Structure formats: structure tokens, C-alpha cells
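What follows is one structure encoded as C-alpha cells, with my remarks underneath.
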Amino acid sequence: MSHPIWSAVDRYLNDLFVPPDDALDAALAASAAAGLPDIQVSPPQGKLLHLLARIHGARNILELGTLGGYSTIWLARALPPGGRLLSLEYEPLHAEVARANIARAGLAEVVEVRVGACLDTLPQIAAEGRGPFDLIFIDADKENYPAYLAWAIELSRIGSLIIADNVVRQGAVIDAADARPNVIGARNFNALLANDPRLVATVLQTVGGKGHDGLAFGLVVSTRQEKKRVGE
Ligand code: SAH
Ligand code: DHB
Ligand code: MG
């Protein structure tokens, strides 16, 4: 479901802004060889995540949905010395492939991949006092995005940045008749993101080689449920 021009422009941007990179290229090759689905963020999107983490000065990053560690590597490379990234993944095979990819990128000491369903591992992480996280990237199963937003806020401080992938889903989010659990999850997530008084947020539509989708951004501006205005 990708218009040819979207893919062609993605390749053009990729060639301009994402030069060949041994660790990232090897991560994609190893993920494909292991049979992982080809659903990681695009190279320009990975670079956007990297830029946002750097702009934000993120030192403690949480990722939901590791897959083969492609977005993980982009984010972890943005960390300053002493920074940490914790990535949560349900599938043991994905985590194993990701750990090898992350090690090849020289990031084994910086990144921890934890296996389990996020709804099981997030409470553990909270109990361990691993938060607050400066940046949280939500990219696991879309059905649970509403719950993941609640956990992301719980594990945030004022100033934390929450980013979520796949919140437009080829436009399916605006089709009220589309009751697929992943679409309902993304639609409810967007409504919660828009209306939570603790956040200032928006969604950017994206097109590219993976079709039409969207990335969500929320800045935590309060940790209490009080009224806010944009700009506060
Ligand atoms: N962030 C990755 C892509 C993640 S794809 C990148 O851009 O490179 C989504 C991942 O979430 C898959 O690996 C899938 O196995 C994982 N996942 C699905 N349900 C999950 C759950 N309940 N808890 C944790 N991970 C889950
Ligand atoms: C799917 C998951 C993703 O994170 C993504 O970026 C694209 C597709 C999926 O589960 O189909
Ligand atoms: Mg995604």
C-alpha cells in the first residue's frame, strides 16, 4: 500500500541523509536472514528518532518493541557517555537477533533488551525504579497503545518526550467502521494523547516505502491531571 513516488522519494532521502553504515546495514541483513518481519522504522525515520534524542539530550531511553534493534541502534547512538537504553520485546527470537545486532554496533554495554510482554515488564521496570525516562519510544503491539501511553506517562518526568510509531495505519484510524484491534488501539491512543492534560502533543502523517502512517509526539508538561494550555 505504498505509492511508487513515496518509495522513490524515500530512497532519494535515504541516499542523501543516511549513508551506508556497517552496523545498521548488518542489522537489517541479519534481521531479514532470521525471518523477522520487515517493519522497522525507515532509515530517515530512524535518523529522526536519533536527532530528537540528541536535541532532547536524552540520557535514559525506554523503547517498547525492539524487533531486530534497528530503531534501538539509532536511539542508542544518540546517548551521551553514561547514557542507557532499555528495550522491551515479547519474542525471544527477536530479542536474540537484536542483541547480536546491538553488540555488532558496539552498544552492548549501553542497551538492555528485556524479553516479555510489555504489560508484564513495565510494572517490573517501575518497581525497579528504572525511570524516569527522558524519551520513550512506543512501537510494540498497537492494541495496547492506550495502556502503553499510561505507562509512559507513569515512567516520565516533566520534560519527558513520548514518541509513538504507526498511529495512522494507512488512514484506517479515521474509518469508524474499522474495528480491527490494532486500529482501535491507535485511534484510542490518539484520542488519549490529544486530551491528556499532562501532555502537549501532535501527530505527523508520514508516507514512504511502508505506505501511509503517522508518528505521534507528546511532551510531558505536568505530572498531575490539571488543566493546561498550549505553550505553558
Ligand atoms: N522498533 C522496531 C520495530 C518494532 S516492531 C524498529 O523500528 O526497528 C514491533 C515489535 O513489538 C515486534 O518485534 C513484536 O514482537 C513486538 N511486540 C509485539 N507485542 C509485544 C508485547 N506485548 N510486548 C513487547 N513487545 C511486543
Ligand atoms: C507493524 C508494526 C510496526 O511497528 C510497523 O512500524 C509497521 C507494521 C505491524 O505489526 O504490522
Ligand atoms: Mg513501527
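The values are calculated or read from the model by the stated rules, or taken from the named source; none is laboratory data. Everything quoted here is computed from the prediction, not taken from an experiment. Neighbour counts run over all protein chains shown; Cβ positions are idealised from the backbone, glycine included.
In the set SER71, SER2, which member is under 16 Å from LYS210 (Cα atoms) and modelled with pLDDT under 95?
On the way: SER71 fails: modelled with pLDDT under 95.
Every option except SER2 fails the conditions.
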Answer residue from region 100-133, given it is charged (D, E, K, R) and within 13 Å of ligand 1 (Cβ to nearest atom) and is farthest from GLY82 (Cα to Cα) among those: ASP120
Which numbered condition TRP74 fails, given (1) away from ligand 2 (no atom under 16 Å from the Cβ); (2) of a type outside the set (Asp, Glu); (3) touching a helix residue (DSSP H, G or I) at 6+ places or on another chain (Cβ under 6 Å); (4) in a helix (DSSP H, G or I): (1)
Region 26-54 residues that are more than 16 Å from SER7 (Cβ to Cβ), paired with ones that are within 11 Å of ligand 2 (Cβ to nearest atom) and charged (D, E, K, R) (beta carbon under 7 Å, 6 or more apart): ALA32/ASP38
Leading residue by the ranking (farthest from ligand 3 (Cβ to nearest atom)) among those in region 126-149 that are among the hydrophobic types (A, V, I, L, M, F, W, C) and crowded, with 19+ Cβ neighbours inside 10 Å: PHE133
Every residue from region 1-22 that is in contact (Cβ under 8 Å) with a residue 12 or more places away in the chain and assigned to a loop (DSSP other than H, G, I, E, B): MET1, SER2, HIS3, VAL18
Qualifying residue in region 151-167 (condition: in contact with a strand residue (DSSP E or B) (Cβ under 7 Å, 6 or more places away or on another chain), among the aromatic types (Phe, Trp, Tyr) and touching a residue at least 12 places away in the same chain (Cβ under 8 Å)): no
Single unsatisfied condition, GLY82 versus (1) under 21 Å from ARG157 (Cα atoms); (2) within 16 Å of ligand 2 (Cβ to nearest atom): (2)
Pair list, Cβ under 7 Å, 6 or more apart: region 55-84 residue under 18 Å from ALA140 (Cα atoms), other residue basic (Lys, Arg): TRP74/LYS47
Number of positions in region 81-122 that are farther than 15 Å from ALA23 by Cα, exposed (fewer than 13 other Cβ atoms within 10 Å of the Cβ) and in contact with a helix residue (DSSP H, G or I) (Cβ under 8 Å, 6 or more places away or on another chain): 0
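Any residue in region 54-67 that is assigned to a loop (DSSP other than H, G, I, E, B), β-branched (Val, Ile, Thr) and at negative phi? Steps first, please.
So the first thing to find is which residues in region 54-67 are assigned to a loop (DSSP other than H, G, I, E, B), and the list is 57-59, 65-67.
Those left that are additionally β-branched (Val, Ile, Thr): 66.
Subsequent filtering for residues that are at negative phi retains 66.
Scanning region 54-67, I find at least one residue that is assigned to a loop (DSSP other than H, G, I, E, B), β-branched (Val, Ile, Thr) and at negative phi, so the answer is yes.
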Residue match in region 161-179 (condition: surrounded by 21 or more Cβ atoms within 10 Å (Cβ to Cβ) and more than 17 Å from the chain's Cα centre (by Cα)): yes
